[in-house]
Structures are given as C-alpha cells and as structure tokens.
Amino acid sequence: MTNPLPAWSALQTHYEQIRNDKLRDWFAPANDPAPTRAERFTYSGGGLAADFSKNRITDATLKLLVQLAHEAGVEQRRDAMFAGEIVNPTEGRAALHTALRATEPNAPFHAQIVAEKAKMAKFADAVRSGAWTGYTGKRIRHIVNIGIGGSDLGPKMVVHALQHLESPEISSHFVSNVDGADLWRTIEHIDPEETLAIIVSKTFTTLETMTNARSMRDWFVKHGCPESALAKHFVGVSANPAEVVKFGIAEENVFEMWDWVGGRYSLWSAVGLSIMIAIGPQQFDELLAGAHDMDEHFRTAPLDKNLPVLLGMIGVWYRNFFGSQSYLVAPYSEALHYLPSYLQQLEMESNGKQARLDGQFVDYATSAITWGEPGTNGQHAFFQMLHQGTTIVPIDFIAVLTPEHPLADHHPKLLANCFAQSEALMLGRTEEEARKIAGPDKPELVPHIMFPGNRPTTTLLVDALTARSLGALIALYEHKVLVQASVWDINPFDQWGVELGKILGKVVEADLTASTGDVKAHDSSTSALIAKARAALKR
Ligand code: F6P
C-alpha cells in the first residue's frame with residue numbers, strides 16, 4: 001500500500017521526470033529569459049513572504065502538490081480544526097489554539113478566553129509596575145518559568161526572540177530539565193525576595209516540572225520565606241487547577257488553560273504568562289494578532305497561494321518523493337535562537353506517527369527530522385555536509401530584513417551570508433569551474449572543490465522582528481504541520497509515543513533508589529546500568 005490518492009502517483013511519475021533536472025538550468029537566462037522564476041514562486045501571507053524558487057519544483061510540481069493537498073482533505077481538516085470539532089480523536093479533543101487569537105466574538109470559547117487573558121494582563125501589569133512585591137516588599141525582578149516541552153519551549157523561544165521589547169526591570173529564566181543543574185544554575189545567583197516562579201504544566205503531574213516546583217518551594221522556605229507568604233512567589237498555569245491548589249498555590253494565583261489546547265500549541269494561552277510579563281499585555285496582543293493574520297490567510301487563501309499549504313506540501317515533496325530524512329531550519333537571527341528547538345517539538349511530536357486515523361499503519365514516511373541552528377553559526381559547523389555531503393537536506397532559511405538592535409553595520413553581513421548560502425547550495429560548482437580554480441598545477445584538487453549544487457532551499461522573509469511578525473511566523477509552522485498531517489492521514493494533536501519511556505522511567509527510578517534488593521527485572525544491559533548507578537548514588 002502506498003498513499004492511494006491519485007495525485008500521489010502522479011507525483012511519483014513527475015518525480016521520475018524531473019529528478020535529474022538542475023535548478024541552475026531552470027534559473028539560466030536561456031530557460032528563464034525575463035527572468036520570472038523568483039517572482040513566480042514567491043508568495044506572501046500574514047505579513048510574511050516566502051521565496052520557494054530555489055526548490056526542485058516547476059509549475060507542474062506545485063500544481064500536483066496542491067492537488068494532493070486538496071485530495072487529502074486539507075481544507076476539510078483545516079475547517080474542522082477552526083470550528084472546534086474533535087480533530088484529536090484518540091484523546092477525544094478539539095485543537096483550538098486558533099481560538100486563543102481569534103477576535104470574533106462568535107469564535108469558540110471566546111468569553112472564557114477573553115476573561116482569562118484579562119486576568120493575566122492584570123497580574124502581568126502588577127508585576128511589571130512593581131505593585132506586586134515579594135514577601136519582604138521588594139519588587140519582582142526575576143521570573144522563573146518552570147515547565148517542560150510545550151510548557152517551556154514556546155514561551156522561552158518567544159521571550160528570547162522579543163528580548164528587545166522586554167521590560168528592563170525584569171529578567172526571565174526558563175527551567176525545564178529534571179537535572180538539578182538546570183534549576184540550581186538559575187536560582188544560585190538570584191534573590192528569592194525578588195523572584196516569582198510560574199509553574200506551568202497542562203497536566204500538573206509531569207515529573208520534571210513537579211520535581212523542580214518542589215525544589216523551588218524548598219528554596220524559598222530555606223531562604224526565609226514563611227509558608228504563609230509563598231503565594232507572593234508562586235503562580236500556576238494548568239488545565240488541572242485542582243492539582244495546582246493541592247500543590248499549595250493560592251486559588252486566585254491559578255491561571256487556566258484548557259484541554260482543547262495542545263501543549264505544543266499553547267504559548268498563546270496562559271502558558272504564555274511569562275511572555276506577557278516580559279513584553280507587556282499590549283505586545284502579547286500583537287503576538288496574537290500576528291498569529292491571527294496567518295490564521296486568516298490559511299483559512300481563506302486559495303491552496304495554490306496559501307503559505308502554510310505550500311510550505312507543508314514542499315516538505316512532503318522532499319520527504320515522500322526525494323526520500324529526505326531531515327530538514328533544516330536556519331534562522332539568520334540570534335533572536336530566533338530557540339526557534340529550531342521549538343519547531344522540533346511542534347513538528348516531530350505532532351507528526352512523528354505511524355498509525356493513520358483509521359488505525360492502519362502507514363507505509364510511507366511521516367515527519368522529517370527537524371533540526372537547526374541560527375546562521376551564520378551553522379556555516380562554521382555543519383554546512384560543509386549540506387554543500388558536499390551525500391545526503392540532501394532541504395532548508396528553510398529565515399531572514400529578518402531590519403535588525404532589532406543598534407549595530408546596524410552587522411546586518412548586511414548577516415543577510416549577505418544567508419542569501420549567498422542559498423545561492424551556493426543551488427548553483428554548486430561544476431567540474432569545469434573547479435578545474436579553472438584548481439589550475440593546471442593542482443588537478444588532484446578538482447573533486448574536492450566541486451559542489452553538486454541543486455540543493456533545495458526556501459527563504460522566508462520577515463520585514464522586522466516584531467511581536468506581530470513572530471506570531472505569524474509561528475502560526476505558519478503550526479498550520480504547515482496540519483497540512484502535512486492531512487496528507488499523511490495522521491493525528492497531529494496526540495503524543496502517545498512519549499508514554500512508554502515515562503512508565504519505564506518510574507520503574508527504573510524505584511529500582512535505582514531502593515536501598516536493598518537485586519536489580520534483575522530488566523534486560524541485562526539496563527540491570528547492569530542501574531546497579532552501577534545505584535552504587536554511585538550511595539557513595
Ligand atoms: O511528554 C510530552 C509532553 O506531554 C508534551 O506533549 C508536553 O508539552 C510536555 O510533556 C509537558 O506536559 P505538561 O504541560 O502537562 O507538564
């Protein structure tokens with residue numbers, strides 16, 4: 001069984017026809033005299049622009065990919081998601097992250113969402129103005145967001161990206177790992193009297209978050225904060241408010257998210273409280289507005305001019321027809337440092353699945369491995385492999401046209417590198433060109449300085465890194481994931497694949513920390529590892 005859709009087999013035939021064609025030939029004046037290729041394959045939406053022209057696509061490819069999206073029911077899946085239907089059937093839930101940024105009063109759960117946002121804004125304003133103080137009356141200067149996965153990666157990514165909009169009075173910290181080093185390195189140098197902890201967990205049962213939250217509480221108490229004053233230093237965000245209160249957080253300091261918001265889609269909800277404290281309620285609204293711009297574009301633009309559809313379908317093209325294992329996100333922006341790790345969860349936790357919606361197993365590839373690093377750093381690390389390695393890795397370059405810092409003379413250098421990389425990856429260097437460079441004295445150098453070229457890239461252009469453009473960029477990728485999930489016929493909103501490790505983790509922890517008893521209920525490798533660690537922990 002392969003994907004039974006007619007456009008899928010048409011794409012297979014089309015792939016055979018163009019697989020040896022060269023991008024440099026498609027761009028050559030002989031084939032594109034006007035030239036029009038860049039223009040024909042550049043699209044915009046939600047305030048962003050995407051140049052797809054350096055991809056291994058022709059007009060016919062895009063037509064077939066759009067047909068595949070249509071046959072796969074992308075429009076129906078999209079509309080069902082926006083309407084709040086149960087699009088996550090294995091958990092019996094809707095996925096309404098789009099409602100969190102909707103402005104229309106008839107949008108699902110609108111009144112509830114507006115009320116929670118008002119509560120967040122009141123709190124954020126109090127912290128930002130200094131009206132909210134710690135137990136000794138000092139203003140809050142440190143926010144420590146304790147959460148993991150979707151309760152960490154989104155807020156951390158956004159706060160870092162929008163640091164230029166951050167209140168100078170407040171430093172934001174993010175602690176996720178159960179490795180005590182993460183929490184310790186954060187709290188070691190800050191004053192508990194000036195610190196507010198935000199415990200973020202949709203379930204409020206996550207091992208890492210609960211362990212860090214308890215250690216944080218102990219830290220406050222150890223430094224003199226009376227138990228009765230802990231409410232000044234702790235707030236919780238969860239879809240399980242009863243557990244938050246049980247943990248000891250005052251009821252009025254609990255912010256709600258809902259089970260119809262997936263963890264990795266949740267930064268728009270109260271999970272983004274750390275974002276709102278950092279940049280203020282007004283800028284938080286701008287972030288939502290940018291995402292809403294992209295939602296509207298995704299909802300209304302025809303499929304063949306729809307950025308999330310085109311980005312997603314070009315990803316399918318490489319994954320399922322070229323057989324690419326991975327794709328790279330290279331933001332040429334230090335501010336977007338954490339975007340690749342955020343996208344890793346968004347893409348791989350959403351689409352790293354083998355079971356289709358009907359319960360059958362797929363026999364085609366699903367999620368590519370997502371990885372990345374800001375440019376230009378990546379150029380001095382792994383770009384060698386991208387240019388001359390044996391694997392083709394499609395790339396999304398992200399270029400921000402105006403800098404968000406005052407060191408303006410750096411910016412042309414940054415952008416030049418971004419554009420030059422995509423040009424070099426596309427053009428490559430032929431044997432003839434390499435011979436000219438090597439000269440008659442060094443013919444042995446020729447194979448080493450040849451570049452295959454024809455390596456596909458997309459360049460996303462962002463005018464300036466504002467809360468609004470960032471919101472649109474994130475929503476672009478959220479919707480891209482839905483487009484791909486539709487083609488692969490999988491559920492992008494559950495994450496059963498993380499469960500087995502969690503269950504076994506508890507068993508191993510019990511064995512590790514038991515003071516007596518043989519370790520033998522595991523395979524010989526795991527048992528030996530546990531025995532060694534148990535001995536070390538006793539030292
Ligand atoms: O283990 C994976 C996961 O469930 C993610 O989907 C989620 O974002 C993360 O853990 C944190 O979950 P919670 O917000 O419930 O603590």
Accessible area per residue, Å², segment 62-115 with all protein chains present, probe 1.4 Å: 45 Å²
Put +1 on the Cβ of every Lys and Arg and -1 on every Asp and Glu Cβ in segment 70-217; which of P192, V74, V87 then has its Cα farthest towards the positive end of the dipole? P192
Ignoring ligands, DNA and RNA, please state the percent of accessible area on the chain from carbon and sulfur, probe 1.4 Å. 55 percent
Given 10 °C and 1.306 mPa s, compute D for the chain with the Stokes-Einstein relation, Rh being the Kirkwood radius over Cα pairs; round to the nearest whole µm²/s. 63 µm²/s
Sorted by chain and number, the residues with a modelled amide H under 5 Å from that of D463, at a separation of 5 or more or across chains, are L401
Env charge @ G372, Cβ radius under 14 Å, K,R +1 / D,E -1, value -4
Coarse-grained scattering of segment 376-516 at q = 0.12, 0.17 Å⁻¹, given as base-10 log I(q)/I(0) from a Debye sum over alpha-carbon atoms: -0.80, -1.06
Using the per-residue mean of other Cβ atoms lying within 10 Å as a proxy for protection, in what order, highest first, do the peptides 180-191, 479-490 fall? 479-490, 180-191
Karplus-derived 3J(HN,Hα), 6.51/-1.76/1.60, for each residue of segment 435-448, Hz, glycine and proline x: 4, 4, 6, 5, x, x, 6, 10, x, 5, 6, 3, x, 6
Largest first and to the nearest Å, give the Cα extent of segment 1-94 along each principal axis. 55, 39, 16
Note to self: Kirkwood Rh of segment 123-202, Cα pairs, one decimal, Å, is 13.2 Å
Hz values of 3J(HN,Hα) by residue in segment 117-126 - Karplus curve (6.51, -1.76, 1.60), Gly and Pro given as x: 5, 5, 5, 4, 5, 4, 5, 4, 4, 5
Helix-only CD estimate at 222 nm, as mean residue ellipticity for the chain, using -39500 (n - 2.57) per DSSP H run (n ≥ 4): -13500 deg cm²/dmol
Positive end of the charge dipole of segment 429-519 (Lys, Arg +1 and Asp, Glu -1 on Cβ, about the Cα centre): tell me which of L470, A514, G497 has its Cα farthest that way. L470
In nm, to one decimal, how far is the modelled label at F322 from the one at L407, with both set 7 Å along Cα→Cβ? 3.3 nm
Label segment 39-144 by shape, choosing from rounded, prolate and oblate, from the square roots a ≥ b ≥ c of the eigenvalues of the Cα gyration tensor; if a/c is under 1.5 it is rounded, and otherwise prolate applies when a/b is larger than b/c, oblate when it is not. prolate
Can you give the alpha-carbon Rg of segment 258-313 over 2.2 N^0.38 Å, where N counts its residues? 1.36
Ignoring ligands, DNA and RNA, what accessible area per residue does segment 384-535 give at 1.4 Å, in Å²? 51 Å²
Take the Cα atoms of segment 404-455, find their three principal axes, and give me the spread along each one in whole Å, biggest first. 48, 24, 13
Magnitude of the charge dipole, the chain, Cβ model with Lys/Arg +1 and Asp/Glu -1, debye to 20: 740 debye
From zero outward in steps of 5 Å, how is the percent of C-alpha pairs of segment 318-439 spread across the bins? 2, 9, 16, 18, 16, 13, 10, 7, 5, 2, 1, 0, 0
Within a Cβ distance under 11 Å of T133, other residues only, what is the Lys/Arg minus Asp/Glu net charge? +2
Once amide H atoms are placed 1.01 Å from N in the peptide plane, what residues at a sequence separation of 5 or more from R429, or on another chain, have their amide H within under 5 Å of its amide H? F451, G453
First select every other residue whose beta carbon is under 11 angstrom from the beta carbon of P394; then total the charges, Lys and Arg +1, Asp and Glu -1. +3
What value in Å³ per residue do you get for the convex hull of the alpha-carbon atoms in segment 329-401? 101 Å³
Collect residues whose amide H, placed 1.01 Å from N in the peptide plane, falls under 5 Å from the amide H of T42; neighbours closer than 5 in sequence don't count. F52
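So which of K202/K502; K22/K413; K502/K532 end up more than 26 Å apart, counting from Cα to Cα?
Listed pairs above 26 Å: K22/K413.
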With T = 37 °C, eta = 0.692 mPa s and Kirkwood Rh from C-alpha pairs, the Stokes-Einstein D of segment 440-539 in µm²/s is about 162 µm²/s
Looking at P443, Q17, G375, which one has the Cα that reaches farthest to the positive end of the dipole of the chain (charges on Cβ: Lys, Arg +1; Asp, Glu -1)? P443
So if we plug the beta-carbon distance of H110 and A381 into 1/(1 + (r/R0)^6) with R0 = 45 Å, what FRET efficiency do we get, rounded to 0.05? 0.45
In Å², what does the accessible area per residue of segment 131-271 work out to with a 1.4 Å probe? 38 Å²
Give me the three principal axis extents of segment 201-274 from the C-alpha atoms, as integers in angstrom, largest value leading. 39, 24, 21
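When N counts the residues of segment 167-301, how does its alpha-carbon radius of gyration compare numerically with 2.2 N^0.38 Å, as a ratio?
1.15
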Karplus-derived 3J(HN,Hα) from phi for segment 402-414 (6.51 cos²θ - 1.76 cosθ + 1.60, θ = phi - 60°), whole Hz, x at Gly and Pro, runs 10, x, 9, 10, x, 7, 4, 5, 6, 5, x, 5, 5
Could you work out the relative contact order of the chain? I mean the mean sequence separation of Cα pairs under 8 Å and 6+ apart, divided by the number of residues, in percent. 19 percent
Filtered hits (lysines, Cα-Cα < 27 Å from K222, offset >= 8 within chain) -> K138, K232, K246, K538
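The values are calculated or read from the model by the stated rules, or taken from the named source; none is laboratory data. Just so we're clear, the structure is a prediction, and the values are computed from it rather than from any experiment. Reconstructed Cβ throughout: ideal geometry from the backbone, glycine too, with neighbour counts over all protein chains shown. Ligands, DNA and RNA are excluded from the accessible area calculation, which covers all protein heavy atoms including side chains. Shrake-Rupley method; radii C 1.70, N 1.55, O 1.52, S 1.80 Å.
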